[in-house]
Amino acid sequence: MIGISACLGGVCCRYDGQAKEITALKKLVENGQAMLVCPEVLGGLPIPREPAEISGGDGFDVWNGDAKVLTKTGEDMTTLFKQGAIIAYQKLVEQNITSIILKENSPSCGSKSIYDGTFSGNHRNGAGVATAYFISRGLEVVSENDWQTVVDHEK
């Protein structure tokens, strides 16, 4: 079984109340081959919610105490993002999941790219808060752009 960002599986849980469904991934969940998680919702964030971006680095920097997750109006959401990553990881481990497909650019789930913290729509290289936590715990993380690689080696 693999893990998948809930928004990719069709759950309307993104900050804007939308999903980013990939039909093939939703079918994996329906067939019992995958489990959905949304670290932001698991951390206690509402749907919809104010946009948030990592300021001062990426998810690894958040865990090191060198960066924060801030909303567009400057509210510090770092603790909720970290809490959600920990809870999501626990749920994945309970199901013996070792690979997860996450939503690129997200402050939680970006694996190669995240927004740059200026709310300008610009991206920077880096990982989100949950992604950094998952990687540090040994999970294989790929973005939705590379989902097929995880599905192929799970067969």
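Quick one: in region 134-155, of everything that is part of a loop (DSSP other than H, G, I, E, B) and either touching a Leu at 6+ places or on another chain (Cβ under 7 Å) or on the phi < 0 side of the Ramachandran plot (or both), which residue is surrounded by the fewest Cβ atoms within 10 Å (Cβ to Cβ)? Taking the candidates together, the pick is Lys155. Do you know which residues across region 115-155 are of a type in the set (S, T, N, Q) and under 19 Å from Asp61 (Cβ atoms)? Those that are of a type in the set (S, T, N, Q) and under 19 Å from Asp61 (Cβ atoms): Thr118, Asn122, Asn125, Thr131, Ser136.
In the set (1) within 15 Å of Gly110 (Cβ to Cβ); (2) touching a strand residue (DSSP E or B) at 6+ places or on another chain (Cβ under 9 Å); (3) of a type outside the set (Val, Ile, Thr); (4) not in a helix (DSSP H, G or I), Gly3 fails one condition alone, (1). Listed conditions (1) among the polar types (S, T, N, Q); (2) over 18 Å from Leu36 (Cα atoms); (3) part of a helix (DSSP H, G or I) are all met by Thr131, apart from (2). Being out of contact with any Cys (no Cβ under 8 Å at 6 or more places or on another chain), surrounded by 15 or more Cβ atoms within 10 Å (Cβ to Cβ) and closer than 18 Å to Ala6 by Cβ is a property that Leu70 lacks. Is region 31-49 home to any residue that is acidic (Asp, Glu) and surrounded by fewer than 19 Cβ atoms within 10 Å (Cβ to Cβ)? No: region 31-49 contains no residue that is acidic (Asp, Glu) and surrounded by fewer than 19 Cβ atoms within 10 Å (Cβ to Cβ). Contact annotation: no residue pair with Cβ atoms under 9 Å, 6 or more positions apart or on different chains, pairs a residue in region 128-155 that is among the β-branched types (Val, Ile, Thr) and modelled with pLDDT of 90 or more with a partner that is surrounded by fewer than 13 Cβ atoms within 10 Å (Cβ to Cβ) and not in a helix (DSSP H, G or I). Which of the residues spanning region 39-88 are among the hydrophobic types (A, V, I, L, M, F, W, C), in contact with a helix residue (DSSP H, G or I) (Cβ under 7 Å, 6 or more places away or on another chain) and not in a helix (DSSP H, G or I)? If the condition is that a residue be among the hydrophobic types (A, V, I, L, M, F, W, C), in contact with a helix residue (DSSP H, G or I) (Cβ under 7 Å, 6 or more places away or on another chain) and not in a helix (DSSP H, G or I), then Leu45, Ile47, Ile54, Ala67, Val69 are the ones that fit. Being part of a helix (DSSP H, G or I) and either aromatic (Phe, Trp, Tyr) or over 17 Å from Trp147 (Cβ atoms) (or both) is not true of Ile114.
The values are calculated or read from the model by the stated rules, or taken from the named source; none is laboratory data. Quick caveat, the model's predicted, so the values are computed rather than measured. When we count neighbours, we look across all protein chains shown, and the Cβ atoms used for this are built from the backbone with ideal geometry, even at glycine.
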